[in-house]
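Shown next, in structure tokens, is the structure this report addresses.
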Amino acid sequence: MKSKVYTLIYYYLLFLIPFFSFAEIKNTNNTDWPLEMNSSKNFDIASKCEMLVFIEVFNEYVALSKSDLSLKTKVKNIKEQSVNTWVNETKKRILVNFKRLSNASLLEVISVKKGSSWEMLSRINVKEKLPNNFTIWYEATKKFYRDYVKEQIRLAALYPRVTSEILQFSENEIQGDNFTDKNFLLTFDDGPTKVNGNTDKLIKVLDKYELTGMFFVLGESLEKRLKSSSKKALNNLYKQNKVFSHGKVHKSHQRYSLWKTSIDDTNKLIHDIFPTENKSELLYFRPPYGQRNKALVSYFDSQESKIIYWNIDSRDWSSKLNAQQVANRQIKLMLLWRKGILLFHDIHRKSQKSVPLIYNYFKGVNINWKASNMVFK
Ligand SMILES: [Zn+2]
């Protein structure tokens with residue numbers, strides 16, 4: 001009888017273990033990276049290793065023939081010129097980021113010579129050089145970049161037939177790669193939601209961590225919200241956060257005949273609700289899906305206003321990623337790009353969890369979360 005009870009307890013515990021370990025995983029904010037994120041040096045070591053794996057995968061894709069690339073990305077008519085532009089710009093960005101690494105960090109985990117060229121960095125056999133306890137991280141990271149580089153090169157292959165954040169027509173289009181090293185900006189799209197919905201909940205989370213963000217709202221959703229919230233209530237809701245335009249409706253603005261009305265109407269509405277110090281008649285604009293046309297860009301150029309994209313895309317809309325996975329993705333991309341604009345969607349619940357996970361992960365490192373009232377130059 002006694003042994004039966006023990007057997008039962010044994011099976012009961014066995015049953016519970018996965019739940020405990022699951023809870024533990026959920027509470028840690030890390031990928032499989034074996035080192036602590038507790039100093040600038042460790043930020044740089046992690047950043048260096050992310051870049052090295054990225055370079056390996058990047059080179060795999062660049063070496064593909066046009067037809068193989070076409071198969072991989074499922075793009076029939078690859079725009080070679082766009083792909084080449086993206087390839088060259090990406091190489092430049094990575095090399096600039098390598099220059100930002102501290103001397104001390106260059107020697108750790110995998111030793112990299114200061115001032116290494118792209119060719120020198122490409123010759124490093126990362127898997128061979130990494131200590132054994134980095135293997136799990138390496139395999140996961142390799143897989144991550146195989147997906148990520150495919151995603152990026154696909155956007156480049158489609159541009160400008162399908163426009164996106166990947167490449168720009170004008171210098172007044174901001175992607176975030178021109179920020180100072182270790183500077184990051186939070187942005188949230190597609191809101192506002194209804195009263196006490198996800199937008200309200202997210203802003204409470206941001207308040208708690210003393211963070212602010214830029215909210216690119218839909219004119220239509222703002223109008224709807226105005227029916228149940230006064231102008232004053234909306235100002236109280238967004239507080240220190242800034243509200244800008246994502247267009248009137250969530251529609252690609254590339255082949256949209258009403259793009260100008262969409263921008264003007266939404267700006268008028270935002271100006272009306274949020275009296276702004278911004279003298280510029282046009283507010284910052286983020287086109288839905290990053291899709292726009294040259295005429296739209298010229299419209300902003302002529303007003304010296306900016307179109308704001310992102311370089312650190314959370315994909316928080318994807319049902320394949322939970323909040324922890326969204327946070328891990330952003331953490332890896334922040335280490336890779338070292339600066340820039342993070343994209344989330346306040347209409348989804350995930351950002352309420354992902355943002356604190358990211359914030360806490362980098363808490364011991366001196367990165368700078370830019371205030372939402374920053375001015376793009
Ligand atoms: Zn959107």
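Read the figures in this text as sums done on the coordinates, not as results from a lab. Remember, it's a predicted structure, so these values are computed and weren't measured experimentally. In this analysis, Cβ positions are derived from the backbone assuming ideal geometry, glycine residues included, and neighbour counts consider all displayed protein chains.
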Inset, instruction - Within segment 191-213, track down each residue that is out of contact with any Phe, Trp or Tyr (no Cβ under 7 Å at 6 or more places or on another chain), surrounded by 14 or more Cβ atoms within 10 Å (Cβ to Cβ) and in a loop (DSSP other than H, G, I, E, B). - result: P192, T193, K194, G197, T212
Inset, instruction - Give just the number: which of (1) small (G, A, S); (2) within 16 Å of the ligand (Cβ to nearest atom); (3) part of a helix (DSSP H, G or I) does S318 not satisfy? - result: (3)
Legend entry - Which numbered condition E210 fails, given (1) in contact (Cβ under 8 Å) with a residue 40 or more places away in the chain; (2) at positive phi: (1)
Inset, instruction - Within segment 179-190, identify whether any single residue is within 16 Å of the ligand (Cβ to nearest atom) and not in a strand (DSSP E or B), and answer yes or no. - result: yes
Legend entry - Residue selected from segment 214-268 under the condition away from the ligand (no atom under 14 Å from the Cβ) and part of a strand (DSSP E or B), by the criterion surrounded by the fewest Cβ atoms within 10 Å (Cβ to Cβ): K242
Legend entry - Candidate set from segment 287-315 (those that are within 12 Å of the ligand (Cβ to nearest atom) and within 12 Å of W259 (Cα to Cα)); member that is surrounded by the fewest Cβ atoms within 10 Å (Cβ to Cβ): Q291
Inset, instruction - Identify all residues within segment 344-355 that are touching a strand residue (DSSP E or B) at 6+ places or on another chain (Cβ under 7 Å) and surrounded by fewer than 24 Cβ atoms within 10 Å (Cβ to Cβ); write none if there are none. - result: H345
Inset, instruction - Can you confirm whether segment 146-162 contains a residue that is part of a loop (DSSP other than H, G, I, E, B), closer than 17 Å to L336 by Cα and not acidic (D, E)? - result: no
